[in-house]
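To start, the structure under review is shown below, and the notes come after it.
The values are calculated or read from the model by the stated rules, or taken from the named source; none is laboratory data. All figures in this text were calculated on a predicted structure; none of them were measured in a lab. Neighbour counts run over all protein chains shown; Cβ positions are idealised from the backbone, glycine included. Areas reflect the complete protein model, heavy atoms only, side chains present, ligands, DNA and RNA absent. Shrake-Rupley method; radii C 1.70, N 1.55, O 1.52, S 1.80 Å.
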Protein chains: 4
Amino acid sequence: MAPSSPTAILLVACPDQRGIVAALAGFIAAHNGNIIALDQYVDAAESAFFARMEWELAGFGVPLDQFAAYFQPLAGPRRIAWRLHRSDQRLRMAVLVSKQVHCLYDILARGESGEWPADLALVVSNHPDHRGIVERHGLPFHHVPVPAGDKAQAEARQIALLKEAGVDFVVLARYMQILGPAFVQAFPMRILNIHHSFLPAFAGARPYQAAHDRGVKIVGATAHYVTEKLDEGPIIEQDVIRVSHRQGVDDLVRLGRDLEKIVLSRAIYWHVHHRILVYKNRTVVFS
Amino acid sequence: MAPSSPTAILLVACPDQRGIVAALAGFIAAHNGNIIALDQYVDAAESAFFARMEWELAGFGVPLDQFAAYFQPLAGPRRIAWRLHRSDQRLRMAVLVSKQVHCLYDILARGESGEWPADLALVVSNHPDHRGIVERHGLPFHHVPVPAGDKAQAEARQIALLKEAGVDFVVLARYMQILGPAFVQAFPMRILNIHHSFLPAFAGARPYQAAHDRGVKIVGATAHYVTEKLDEGPIIEQDVIRVSHRQGVDDLVRLGRDLEKIVLSRAIYWHVHHRILVYKNRTVVFS
Amino acid sequence: MAPSSPTAILLVACPDQRGIVAALAGFIAAHNGNIIALDQYVDAAESAFFARMEWELAGFGVPLDQFAAYFQPLAGPRRIAWRLHRSDQRLRMAVLVSKQVHCLYDILARGESGEWPADLALVVSNHPDHRGIVERHGLPFHHVPVPAGDKAQAEARQIALLKEAGVDFVVLARYMQILGPAFVQAFPMRILNIHHSFLPAFAGARPYQAAHDRGVKIVGATAHYVTEKLDEGPIIEQDVIRVSHRQGVDDLVRLGRDLEKIVLSRAIYWHVHHRILVYKNRTVVFS
Amino acid sequence: MAPSSPTAILLVACPDQRGIVAALAGFIAAHNGNIIALDQYVDAAESAFFARMEWELAGFGVPLDQFAAYFQPLAGPRRIAWRLHRSDQRLRMAVLVSKQVHCLYDILARGESGEWPADLALVVSNHPDHRGIVERHGLPFHHVPVPAGDKAQAEARQIALLKEAGVDFVVLARYMQILGPAFVQAFPMRILNIHHSFLPAFAGARPYQAAHDRGVKIVGATAHYVTEKLDEGPIIEQDVIRVSHRQGVDDLVRLGRDLEKIVLSRAIYWHVHHRILVYKNRTVVFS
């Protein structure tokens, strides 16, 4: 449940060690923070500890801009990697889209409904088709063609647009171009993609055709962070739907659209609520 | 993942309060306990705090038989209700069954495979049919008829059998008799039942017939603790399967059998691992 | 898969009888119709036969406006109830909506994408809030307040608007008013509602609150035809999502929104493709 | 629903053609057969027609041992490939198993419960471990070791055992040896395997480990017919279960066991009811 007053959110990862929860919870308590959520996970096989702590800012004794200085004596010796967020700091989101429009519609609707603590800053597309749909929401739309031979320049322009708009993270809403390394590195673990299959099955192009040819009885969709290896980034969320021989490729495409938009929206939800930690190409999602 | 060495498991429930996690984790750490799992949950609407902590017994500085004395100074002022378990203390389970045999088969197989840290102490049935199935597993089978007019005496005998066998909890594996208050009170929140519908839909008798008559597109099964109100105890687990007009009542019965045995077995798994807390007729399952 | 050329769609229901499939298929074949889909179902318990046949209009020897005359000699003696549709005749749809907007957004997007062989004729609401959302799609929006004491007059106005717009069927997209008998009778088995629970569990108001209070581990949504008995009409489609103690009522509401819009859209899909037969308050859905 | 009196079951596959349903249904009707189930499917992309017809033997005018002679005039010109079965002819099943025992337990229980119109003829294992479990059901158990260097001879012995027992089909119930071509060819499309992943993801060995390493959020199981290409035969059934970062490999193995046994049992159910057609390495399952 969303807290009614602003909170701080701390994500930590470190080697598993005796007393780590007591140390973390003790630190917040010692500074008069009221913890409203604490999720922790120990990966026994990796001897790794992960936690997400959320506490009310009201009454908390550490000014957040000096948090590092206060927290370092605890974090340093324990080799804690951490990130701090505020719930009242709305993220800025960019959407990249191609011709398929169902995820875009869904994101625009959720954005307008205030479903996420995030603002849709702009939409960028390699096709001009969806300008009207975006602009009638009062949002900027940029058509950036991606010519086959000159992707680098197009990406440079995309990155410039996103940086200019102060974008925190990027959503590929069925964007059918492969991102180059420069783009990926500009937003590390901050680009969410929806792939229209149950990865790692049917990576690459035309997954519904491939799924149909293989005769699977279930099709899926996968939301993941984009890394430099296509369709191999850490998986955030997946879901599936049962199909049968009766569904042709067109039916899989149609049924898959609903999966894709729902799965993508769940990943966005967790991302904007700072519920995802990445390690070893896997995600810990404190859902 | 099951720990390889013995652990202590502490379940706590108390009013939500500042510093509660720090206090609990600090207590274990102060006595040199290595926490391997900590799950906590705050019900904001009820201002209630729940946690399950599991730590290795090796090296823990408090003798478990004196745990209460050590823990009370912390628990008392905070109004903590708690239960302590040891992972190396196998629970003793009784199964009550009638004519439907699929859940019994499944429990016998899991028991024999060592899937649970629990021992099947005996099987009791109001019918003699399944004696052979039980006895070939080397387990005692008791036929206790439940005559329509004399349930109280039958239950007295059942309770005596269970007590004699040192039973910790009872599984109703499609036992088609309604338990009287005396039986329920003898094993409070320690009787697990499987109901063959998605409760609260189709409580009572013949749920598959009722589901078919209503024309539902999904049928379910529900595992719950038994209370004195039939089919109204706290729900532990539910699952469902999609059906269509093509499935007649017989098909629902057949498909439902698989649901029932799987759902029941998940509830047993969580029960024997001390992962369930009950409050306000709901369960917190730290799965 | 959608056929590329116009088809005729025949839905039939009759007592089960020897040779019925041969008679039906033989009739189409005798008139040179190329059957592209034939679904049939026998309800053995009711001795009832149902079928949906779809064949290409190109080359079919019976003018559709004289179909009854040709078909009657076959249908009459066999007591066949039947409906005939053309795939190239787009249905006209009305949407009724209150404050909740997610189903409306989804329907507008699907309509604009051409997902259905149907045209959204108008949107009617008892609140003025969503006028802008509707009108920017170039669609008419009518605000018809429904005062507590004077629902009959409001419904008369709604019915008049729908009739004037030539509406074939009505979608209640989280419309929070109970329809009176006059409205229901104006569109028999042509009003689709989405109820935000897994019916028959949690019929009536505030189902997510009720689901939370009961502590269910799965929540659902149900699309059904509206009859005069609230929440008791024939179920077209249901789907569910797993939840846990961690989800408060607000979370159930949020997660349920996605269920509701998907379940409703599936029901609309089958309705506009003439894939649904109703009998004995149940549906046969030839999906 | 299972018919109460014996039926004939006809499976047909042929090029799609005008009037094919009328011809088939007409043939049965002309010989006074009462059709109780007719499922048909047209693969428009392949222009292929498939059907399953089931009719009561009582009153049917064609002696089944002369069916071919009667049916050929219809089937020949239409290039119909067909198989005829009788519902009262129980199939004989063999089970091959290695160390994992959960599928074996499940099959033994279903067999003993009479869930299938099939008889378990024998169990063969490359390990001696499960002899007791099998023999207490009164069934023959054969231990056939499969030495690394001499699989051919072991398979020859297996085939001989199966042939001798008059086996109709073979179930690999977590049998961990790869079958050689001779074995596969001895039972074409009559060997069912359960693979512990959502194929084609994680084919090959140790799929749960691979699924964990990839960080998937859903794991699955796949029942398929065995062909000479490992894990690439036509898929009969798949199902999945949601997991999270919290599940280690051991947990996936545990949760997967339930998936495996249920998915395998569904495939067996359809196989013994003659509901599966194979074409182009895909299945049509008239479920």
Among residues of the stretch D:18-53, those that are more than 22 Å from A:Asp213 (Cβ to Cβ), open to solvent by 10 Å² or more (accessible area, probe 1.4 Å) and more than 9 Å from every other protein chain (Cβ to nearest Cβ), counted: 1
Any chance B:Ser47 is touching a residue at least 24 places away in the same chain (Cβ under 8 Å) and within 19 Å of the chain's Cα centre (by Cα): no
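Looking at the stretch A:21-44, can you tell me whether even one residue there is of a type in the set (Asp, Glu), out of contact with any Lys or Arg (no Cβ under 7 Å at 6 or more places or on another chain) and over 18 Å from B:Gly26 (Cβ atoms)? Let's see the steps before the verdict.
First, pick out the residues of the stretch A:21-44 that are of a type in the set (Asp, Glu): A:39, A:43.
From the residues that got through so far, the ones that are out of contact with any Lys or Arg (no Cβ under 7 Å at 6 or more places or on another chain) too are A:43.
If we keep only those that are over 18 Å from B:Gly26 (Cβ atoms) too, we end up with A:43.
Yes, the conditions are met somewhere in the stretch A:21-44.
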Set C:Ala152, C:Ala69, C:Ala156: member being open to solvent by 10 Å² or more (accessible area, probe 1.4 Å) and at pLDDT below 95: C:Ala152
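When the residues of the stretch A:72-107 are narrowed to those that are of a type in the set (S, T, N, Q) and closer than 30 Å to C:Ile133 by Cα, which ends up surrounded by the fewest Cβ atoms within 10 Å (Cβ to Cβ)? It would help to see each step written out before you state the result.
Our first condition is that a residue be of a type in the set (S, T, N, Q); within the stretch A:72-107, this holds for A:72, A:87, A:89, A:98, A:100.
Pick out the ones that are also closer than 30 Å to C:Ile133 by Cα and you get A:87, A:89, A:98, A:100.
Numbers: A:Ser87: 18, A:Gln89: 11, A:Ser98: 18, A:Gln100: 18.
Across the stretch A:72-107, the extreme among qualifying residues is A:Gln89.
Specify which of the listed residues (B:Leu57, B:Leu38, B:Leu11) is in contact with a helix residue (DSSP H, G or I) (Cβ under 6 Å, 6 or more places away or on another chain) and not assigned by TED's automatic domain parsing to the domain that holds B:Val278.
Result of the check over B:Leu57, B:Leu38, B:Leu11: B:Leu38.
Please determine whether any residue of the stretch B:78-100 is more than 26 Å from the chain's Cα centre (by Cα) and over 30 Å from B:His137 (Cβ atoms). Reasoning before the result, please.
Residues of the stretch B:78-100 more than 26 Å from the chain's Cα centre (by Cα): B:78.
So of that shortlist, the ones also over 30 Å from B:His137 (Cβ atoms) come out as B:78.
Within the stretch B:78-100, one or more residues are more than 26 Å from the chain's Cα centre (by Cα) and over 30 Å from B:His137 (Cβ atoms).
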Test set (1) surrounded by 21 or more Cβ atoms within 10 Å (Cβ to Cβ); (2) part of a helix (DSSP H, G or I); (3) within 9 Å of another protein chain (Cβ to nearest Cβ) - A:Leu252 fails condition number: (3)
Counted residues, the stretch C:196-215 - those being open to solvent by 10 Å² or more (accessible area, probe 1.4 Å) and either touching a residue at least 60 places away in the same chain (Cβ under 8 Å) or farther than 20 Å from C:His245 by Cβ (or both): 5
All positions within the stretch B:178-195 that are aromatic (Phe, Trp, Tyr) and either assigned to a helix (DSSP H, G or I) or open to solvent by 40 Å² or more (accessible area, probe 1.4 Å) (or both): B:Phe183
Hits in the stretch C:231-287 (condition: in contact with a Leu (Cβ under 8 Å, 6 or more places away or on another chain), of a type in the set (A, V, I, L, M) and over 20 Å from C:Trp82 (Cβ atoms)): C:Ile235, C:Ile236, C:Val240, C:Ile241, C:Val243, C:Leu264, C:Ala267, C:Ile268
Members of the stretch A:255-287 that are within 14 Å of chain D (Cβ to nearest Cβ), touching a residue at least 60 places away in the same chain (Cβ under 8 Å) and open to solvent by less than 10 Å² (accessible area, probe 1.4 Å): A:Val263, A:Leu264, A:Ala267, A:Val284, A:Phe286
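Residue-by-condition table, conditions (1) closer than 27 Å to A:Ser113 by Cα; (2) touching an Asp or Glu at 6+ places or on another chain (Cβ under 9 Å); (3) part of a strand (DSSP E or B); (4) modelled with pLDDT of 95 or more:
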{"position": "A:His224", "(1), (2), (3), (4)": "yes, yes, yes, yes"}
{"position": "A:Glu228", "(1), (2), (3), (4)": "no, no, no, no"}
{"position": "A:Ser244", "(1), (2), (3), (4)": "no, no, no, yes"}
{"position": "A:Arg257", "(1), (2), (3), (4)": "yes, yes, no, yes"}
{"position": "A:Leu264", "(1), (2), (3), (4)": "yes, yes, no, yes"}
{"position": "A:Tyr269", "(1), (2), (3), (4)": "yes, yes, no, yes"}
Matching option when the condition is of a type outside the set (S, T, N, Q), modelled with pLDDT of 95 or more and under 22 Å from D:Leu230 (Cβ atoms), among D:Val124, D:Val134, D:Val101: D:Val124
Of all residues making up the stretch A:137-149, the number that are open to solvent by 60 Å² or more (accessible area, probe 1.4 Å) and either outside any loop (DSSP other than H, G, I, E, B) or at pLDDT below 95 (or both): 3
Criterion: at pLDDT 95 or above, within 14 Å of chain A (Cβ to nearest Cβ) and within 30 Å of A:Ala44 (Cβ to Cβ) - qualifying residue of D:Gly220, D:Gly233: D:Gly220
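Would you mind stating whether C:Gly166 is surrounded by fewer than 20 Cβ atoms within 10 Å (Cβ to Cβ), in contact (Cβ under 8 Å) with a residue 60 or more places away in the chain, assigned to a loop (DSSP other than H, G, I, E, B) and of a type outside the set (S, T, N, Q)? Even if it seems obvious, please write down each step before you answer.
Values: surrounded by fewer than 20 Cβ atoms within 10 Å (Cβ to Cβ): yes; in contact (Cβ under 8 Å) with a residue 60 or more places away in the chain: yes; assigned to a loop (DSSP other than H, G, I, E, B): yes; of a type outside the set (S, T, N, Q): yes.
Here the answer is yes, as C:Gly166 does meet what is asked.
Do you know which residues across the stretch C:86-109 are within 14 Å of chain A (Cβ to nearest Cβ) and within 17 Å of C:Asn193 (Cα to Cα)? Can you show your working first?
Start the filter on the stretch C:86-109 by keeping residues that are within 14 Å of chain A (Cβ to nearest Cβ), which leaves C:97, C:99-109.
Residues satisfying the conditions are C:Val97, C:Lys99, C:Gln100, C:Val101, C:His102, C:Cys103, C:Leu104, C:Tyr105, C:Asp106, C:Ile107, C:Leu108.
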Residue match in the stretch C:5-16 (condition: more than 8 Å from chain D (Cβ to nearest Cβ), under 15 Å from C:Arg86 (Cβ atoms) and open to solvent by 10 Å² or more (accessible area, probe 1.4 Å)): yes
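Of all the helices (runs of 4 or more DSSP H) wholly in the stretch C:1-115, which have at least 1 residues that are more than 30 Å from C:Lys261 (Cα to Cα)?
Working: elements: C:20-30, C:67-75, C:102-113.
Hits in the stretch C:1-115: C:20-30, C:67-75.
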Residue in the stretch C:176-191 that is within 14 Å of chain B (Cβ to nearest Cβ) and over 23 Å from B:Asp43 (Cα atoms) present: yes
